[in-house]
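Novice: Take a look at this one; I'll ask things after.
Read-outs throughout are calculated quantities, based only on the coordinates presented, and are distinct from any laboratory measurement. Treat the numbers as computed from the prediction; the structure is a model and nothing was measured. Note that each Cβ is placed from the backbone with ideal geometry, even for glycine, and that neighbours are counted across all protein chains shown.
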């Protein structure tokens with residue numbers, strides 16, 4: 001995955017969270033709908049934020065098989 | 001809704017379930033455990049049947065289907081885990097055919113006699129047929145033919161009794177009933193048995 | 001406190017679909033469970049199995065187990081069937097349907113690992129299958145006793161408080177579900193999870209967990 | 001709400017740090033600073049990351065997302081006063097997530113960690129007995145109703161102490177370094193976490209932080225009652241320190257002993273429930 005993609009996904013998730021929050025405070029959508037958006041978007045935001053910071057293009061490796 | 005028959009039935013079902021579970025715990029052979037588990041399934045159906053309503057009758061079928069599919073899945077696993085890949089040479093080699101043909105045939109015949117008439121003959125004939133399938137049929141056909149002939153004579157005698165001595169109608173009915181029972185039984189017993197020796 | 005007893009347990013019912021007296025309902029609780037079953041079913045559909053690494057102890061050698069395409073297809077099918085059965089059990093408003101779905105979960109759980117060519121796993125699957133099949137007796141027995149004593153199987157009806165469901169029926173129902181793969185009968189099941197193919201194997205544990213969570217709701221509700 | 005979510009995550013991580021610190025001090029070690037777990041999370045998020053070559057890619061990534069997602073949901077259930085059953089359902093689902101972590105990578109260590117997390121499923125059974133005990137008193141499983149009941153009748157901790165003990169056992173079995181944390185035992189390297197490094201591990205830490213916060217908060221809420229947030233945090237901290245004491249002073253049990261202890265606890269709870277029902 002490229003850094004730009006990670007950034008795009010992260011911003012989309014963040015925007016979704018903020019939009020849902022604003023809409024809830026403004027009373028446009030009920031609280032549970034905003035929560036549903038958070039539950040989906042927050043994990044995506046966390047992971048893609050970190051991926052945007054650092055996603056190596058390094059070669060894939062086999063798992064750890066002992067010392 | 002709950003009367004004493006339900007309670008009694010429930011008690012018997014629980015006792016049967018307890019027995020089955022106990023035997024399942026005691027049994028070590030995988031194949032026998034599979035069979036015992038099938039026994040448990042039958043008791044399960046008894047539990048449903050005890051409700052005794054139309055709904056219960058409708059519920060037995062899905063219960064049965066689920067039970068059978070579980071049994072089939074487990075049998076497949078058993079075959080795979082034991083590495084049994086060879087097809088059996090003789091497909092009709094079921095244990096009960098060696099161990100208990102006499103008992104099963106006797107039960108069917110007695111039940112057929114109780115039913116009397118055509119259906120009774122069919123049931124009893126099935127019993128005899130089962131016996132022959134299990135035990136082979138070398139000399140028995142002659143005996144069956146003799147019985148069939150005598151039964152036919154009895155039937156004729158019963159008809160004559162009807163016509164000539166109508167006051168003995170009850171005796172005639174009973175004779176005819178027994179005769180037709182034996183006759184149908186004999187004919188049913190011949191289904192699938194070929195004449196001309198065992199190599200045909 | 002809500003008027004309908006059921007809503008004190010799983011939360012207010014958001015949507016209910018009536019079929020005569022059988023009402024399939026979504027409370028926040030059943031909805032959560034349904035979504036989880038759905039999510040993991042989707043995962044089983046889209047993800048490919050992993051290649052499990054085995055170490056040969058005493059040396060540096062290791063091997064990767066590869067799942068053949070045919071085996072993968074069969075196990076994926078079984079995993080999806082398992083997911084569908086658990087989804088059905090989550091929303092069913094009828095106790096007998098619930099027990100049928102539960103038995104189906106048992107069958108598909110065996111099916112998920114049945115294609116694995118590993119004697120150890122197959123033995124575990126067989127042991128689990130025996131327990132799961134024996135568990136159908138209390139499961140159906142419980143449902144049948146509920147039917148015989150109250151005359152209805154609708155969870156909605158039973159939760160209205162007009163019926164008294166005998167404790168033994170509830171106990172049997174719970175015992176049946178526990179036998180389908182919860183503690184303390186999961187000992188055989190845990191061995192099944194050594195089979196490769198994580199997205200499918202995970203459905204085994206997920207489905208029995210979900211039906212256990214659902215039966216808790218049913219037992220408290222009725 | 002977003003602010004609450006983020007601060008709950010960091011508070012939970014801080015509490016895990018305090019947990020480690022208390023354990024270290026009891027064992028006469030200096031121990032890491034209390035913000036160590038927060039630093040850990042940040043550190044992992046800056047590490048180079050890829051998916052192992054043998055892993056089931058989709059599942060490998062999806063379980064991280066699901067892990068964070070379910071605990072977000074649990075936080076909302078607790079704060080909004082939803083059903084206790086949902087919370088405990090999520091608690092059990094965490095087991096599946098751990099299982100997914102372990103199995104998805106193809107690593108033998110991860111696999112054994114995952115299998116152990118399934119074996120330790122006994123820890124959930126006391127939970128449901130706890131629920132039954134609570135239900136007998138409150139006749140509702142909605143958290144807001146339970147809180148309202150406690151406002152009138154006093155804390156459930158005093159009316160159903162055995163249920164509180166069972167809940168304590170449940171919390172204990174989810175705490176790291178505790179007697180029941182057989183999934184993280186050192187002979188399995190890092191157990192189910194072995195192959196989730198870098199960003200994935202950071203996600204896992206976020207999930208752990210949220211989980212710790214939610215479980216402690218829920219335990220206080222269900223057994224003591226609702227208080228202002230500073231008092232809630234103080235009570236949670238007290239609960240945490242007591243848990244740390246147990247973790248510091250008890251050795252890790254072997255997998256089967258752990259299961260046996262939890263089964264015995266369950267049996268005791270069932271007897272207690274039956275006694276309650278018979279008396280009522």
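Novice: Please report, for the Cα atoms of chain D, the Rg to one decimal and the Dmax as a whole number; what are they, in angstrom?
Specialist: That works out to 18.6, 61 Å for Rg and Dmax.
Novice: Beyond 23 Å, how much of the Cα-Cα pair distribution for the stretch B:95-190 remains, as a whole percent?
Specialist: 29
Novice: Next up: So, in nm, how far is label residue A:22 from label residue C:77 when the simple model puts each one 7 Å beyond its Cα toward the Cβ?
Specialist: Simple spin-label model gives 5.1 nm for this pair.
Novice: Just to compare against my own numbers: the Cα pair-distance distribution for the stretch C:7-221, 5 Å bins, whole % per bin, please.
Specialist: 1, 7, 15, 18, 17, 14, 10, 7, 5, 3, 2, 1, 0, 0
Novice: Assuming R0 = 51 Å, what is the FRET efficiency of residue D:177 and residue C:61, from their Cβ-Cβ distance, to the nearest 0.05?
Specialist: According to the calculation, E is roughly 0.90.
Novice: Could you calculate the FRET efficiency of residue B:64 with residue D:2 from 1/(1 + (r/R0)^6), where r is the beta carbon distance between them and R0 is 41 Å, rounded to 0.05?
Specialist: 0.15
Novice: Over all directions, average the projected area of the Cα convex hull of chain B and note it in nm².
Specialist: Its Cα hull, projected and averaged over all orientations, spans 17.4 nm².
Novice: To continue, here is another question. Once you have all Cα-Cα distances for the protein assembly as shown, histogram them in 20 Å bins from zero and send the whole-percent values.
Specialist: Values per bin, smallest distances first: 15, 42, 27, 11, 5, 1.
Novice: Okay, moving on. Suppose R0 equals 60 Å; then what is the FRET efficiency for residue D:27 and residue B:111 from their Cβ-Cβ distance, rounded to the nearest 0.05?
Specialist: The value I calculate is 0.15.
Novice: Here is a further query. How much length would be gained if the chain were fully extended between residue B:15 and residue B:143, taking 0.36 nm per residue of separation minus their Cα-Cα distance, in nm to one decimal?
Specialist: 41.6 nm
Novice: Let me ask you something else. What is the Å³ per residue value for the convex hull set by the Cα atoms of the stretch A:3-53?
Specialist: Roughly 52 Å³ of hull volume per residue.
Novice: According to a simple spin-label model (label point 7 Å from Cα along Cα-to-Cβ), what is the distance in nm between residue B:82 and residue C:118?
Specialist: My value for the distance between the label points is 2.4 nm.
Novice: When a footprinting reagent is the concern and you count Cβ atoms within 10 Å, what order do D:29, C:194, D:201 take, fewest first?
Specialist: D:29, C:194, D:201
Novice: Would you kindly compute the Cα radius of gyration of the stretch D:128-280 and its largest Cα-Cα separation (Dmax), both in Å?
Specialist: 17.2, 55
Novice: A further question follows. Note the direction-averaged projected area, equal to a quarter of the hull surface, for the Cα convex hull of the stretch D:104-176, in nm².
Specialist: Reported value for the Cα convex hull: 6.2 nm².
Novice: Sticking with the crude label model, points 7 Å out along Cα→Cβ, report the distance from residue B:169 to residue D:39 in nm, one decimal please.
Specialist: 11.1
Novice: Between the stretch B:95-156 and the stretch D:197-260, what is the separation of their alpha carbon centroids in Å?
Specialist: Value for the Cα centre distance between the two parts: 75 Å.
Novice: Another question, if that's okay. What do you get for Rg/Rh over the stretch B:4-82 if you use C-alpha atoms and the Kirkwood form of Rh?
Specialist: Reported Rg/Rh, Kirkwood definition of Rh: 1.05.
Novice: Please give the helix B:101-115 orientation as an angle from the longest Cα principal axis of chain B, in degrees from 0 to 90, rounded to the nearest 10.
Specialist: It is inclined by approximately 60 degrees.
Novice: Grab the Cα-Cα distance for residue B:57 and residue B:22, subtract it from 0.36 nm times how many residues apart they are, and report the gain in nm with one decimal.
Specialist: Answer, rounded to one decimal: 9.8 nm.
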